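Worksheet: one structure, shown below.
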Amino acid sequence: MDKPANGGFFVVWCKGEGVTTTTPNAERAGLPRGIWVLGFVSMLMDISSEMIHALLPIYLVTVLGASTLSVGFIEGIAEATASITKIFSGALSDWLGRRKLLAALGYGLAALTKPLFPLAPSVGWLVAARFVDRIGKGIRGAPRDALIADIAPVGLRGASFGLRQSLDTIGAFIGPLVAIALMWWTADNFTIVFWVAVLPAFLSFGLIAFAVSEPEPDPSREPAKNPLNLAAMRQLGAIYWRVVAVGVVFTLARFSEAFLILRAQNIGLNAMWVPAVLVLMNIVYALSAYPAGVLSDRINRTGLLALGLVCLAGADLALALLPSLGGLALGVALWGLHMGLTQGLLSALVADAAPPSLRGTAFGYFNLFTGLALLAASVIAGALWDAYGPAGTFLAGLGFALVSLVGLLTVGKGLAAEEK
């Protein structure tokens, strides 16, 4: 297709589906302020969450005596809970025609649950705290992503989701760094670290409540009457459901990062330094997510997703066969690169494919199905760890990644064909 004479952007029309994507030229204006603010909201909440989550698997296993299968089950249930909640909050945001209220409610609930972690006396209490925390994540997730899609210029969706993902991930490595420093300063006092994590969570809620402005709804766009019925599912279109299929395939190959932490402990890393695993992973993730998003606005996104799966396969191979600090570092870095190349791109694909009036519902369905896949992947990983050890878990992950790559190349052909 030829470039328009005005030189503003390159338009690609997906045949028969009514989906457009654009490629910005180098002179286009920067990202809107709201995208940056939402990125910092995510960053602060992730600082809080990762201070806790970087230590929680070790705390469960070494202090409270939980099994690795229990850790996998807890992590899978937590993320699946968030994903199931997202479908209802996303649909509700479409029905209301408003996103910010639900997003702020989700961040507020997550902030309120953070004090439960230092107060919990048993595994049951921690499971409850993790469960309610993930409900908050579920409430905010789809409306926030739909709000980003509403704010972002069409030709900068990849960059917008990539920026939010990068800022979110900066928080994800600042949090473990703070946890390491506090563990050193307090002589491995988990409770103090969990209490300090409360502060950035409440700052995140304050930022979205008072510094984010939601754009006025398009008066010509009617709010969805019942976003969860079969007619609305059909209205989402074939391209959207191909994107969902790709997301599920990816998630089946990627279990919870809790198993990276357990692998670090398995090779003998001191508890104080275990959060460094998430620091390294999230540094690579943060550095790659925004460039990948910008690049995806200019080239076919399916190729970048395939490269991400190749990185995941390499990570699993290193973590399975190289039980050393060097092997751990290589595997964790490749894992982070895989995340950077894929997570923001999948969100941008959802935003590209979904009708504007059903964006919240679209992100909700996407997160529901990928969350259920993550539950299955994490429980399987925990069972394999208990039965065959860490090598068995990561070799199984390698197999899933290779199968997923084949699936992506098969399903992705439909996406690529529609983009031509």
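Say whether the condition of being under 21 Å from the mean Cα position of the chain (by Cα), farther than 30 Å from Ile299 by Cα and part of a loop (DSSP other than H, G, I, E, B) is met by at least one residue in segment 183-199. Looking for residues that are under 21 Å from the mean Cα position of the chain (by Cα), farther than 30 Å from Ile299 by Cα and part of a loop (DSSP other than H, G, I, E, B), one finds at least one in segment 183-199, hence yes. Filter segment 17-53 down to residues that are at pLDDT 75 or above and outside any helix (DSSP H, G or I) and give me whichever is surrounded by the fewest Cβ atoms within 10 Å (Cβ to Cβ). Going through the qualifying residues, I end up with Gly30. Before we move on, is Gly124 more than 15 Å from the chain's Cα centre (by Cα) and buried (at least 24 other Cβ atoms within 10 Å of the Cβ)? No; evaluated as a whole, the condition is false for this residue. For segment 311-330, name all the residues that are closer than 16 Å to Phe255 by Cβ, open to solvent by less than 20 Å² (accessible area, probe 1.4 Å) and hydrophobic (A, V, I, L, M, F, W, C). Within segment 311-330, Cys311, Leu312, Ala313, Ala315, Ala318, Leu319, Ala320 qualify.
When Arg130, Arg98 are checked against the criterion of being over 30 Å from Gly389 (Cα atoms) and in contact (Cβ under 8 Å) with a residue 40 or more places away in the chain, Arg98 stands alone in meeting it. Figure legend. Inter-residue proximity from segment 257-284: first residues in contact (Cβ under 8 Å) with a residue 24 or more places away in the chain, second residues polar (S, T, N, Q), beta-carbon distance below 7 Å, spacing 6+ or different chains. Indicated pairs: Phe259/Thr393; Leu262/Thr68; Ile267/Ser324; Val274/Gln265; Asn282/Thr169.
Any idea which residue in segment 346-373 is surrounded by the most Cβ atoms within 10 Å (Cβ to Cβ), counting only those that are in contact with a Phe, Trp or Tyr (Cβ under 8 Å, 6 or more places away or on another chain) and farther than 21 Å from Arg134 by Cβ? In this case the residue turns out to be Ala348. The residues in segment 298-310 that are part of a helix (DSSP H, G or I) and surrounded by fewer than 23 Cβ atoms within 10 Å (Cβ to Cβ) can be counted, and the count is 6.
Checking every residue in segment 349-360 against the condition of being of a type outside the set (S, T, N, Q) and in contact with a Ser or Thr (Cβ under 6 Å, 6 or more places away or on another chain) gives at least one match. Go through the residues of segment 162-185 one by one and say whether even a single one is in contact with a Phe, Trp or Tyr (Cβ under 6 Å, 6 or more places away or on another chain), over 17 Å from Ala351 (Cα atoms) and modelled with pLDDT under 85. Yes - at least one qualifying residue is present in segment 162-185.
One line per residue, one yes/no per condition, for (1) surrounded by fewer than 20 Cβ atoms within 10 Å (Cβ to Cβ); (2) in contact with a Leu (Cβ under 7 Å, 6 or more places away or on another chain); (3) within 15 Å of Leu334 (Cβ to Cβ); (4) at pLDDT 75 or above:
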| position | (1), (2), (3), (4) |
| --- | --- |
| Gln235 | yes, yes, no, yes |
| Ala238 | yes, no, no, yes |
| Leu262 | no, no, no, yes |
| Asn270 | yes, no, no, yes |
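Cβ-Cβ contacts under 7 Å between residues 6 or more apart (or on different chains), taken from a first residue in segment 306-332 that is free of Cβ contacts under 8 Å to residues at least 12 places away in the same chain to a second residue that is open to solvent by 10 Å² or more (accessible area, probe 1.4 Å), are listed as Leu322/Leu330.
The values are calculated or read from the model by the stated rules, or taken from the named source; none is laboratory data. Every value quoted in this text rests on a predicted model; they were computed, and no experiment measured them. Note: ideal-geometry Cβ built from the backbone for every residue, glycine included; neighbour counts use all protein chains shown. What goes into the accessible areas is simple: the full protein's heavy atoms, side chains included, and nothing from ligands, DNA or RNA. Shrake-Rupley method; radii C 1.70, N 1.55, O 1.52, S 1.80 Å.
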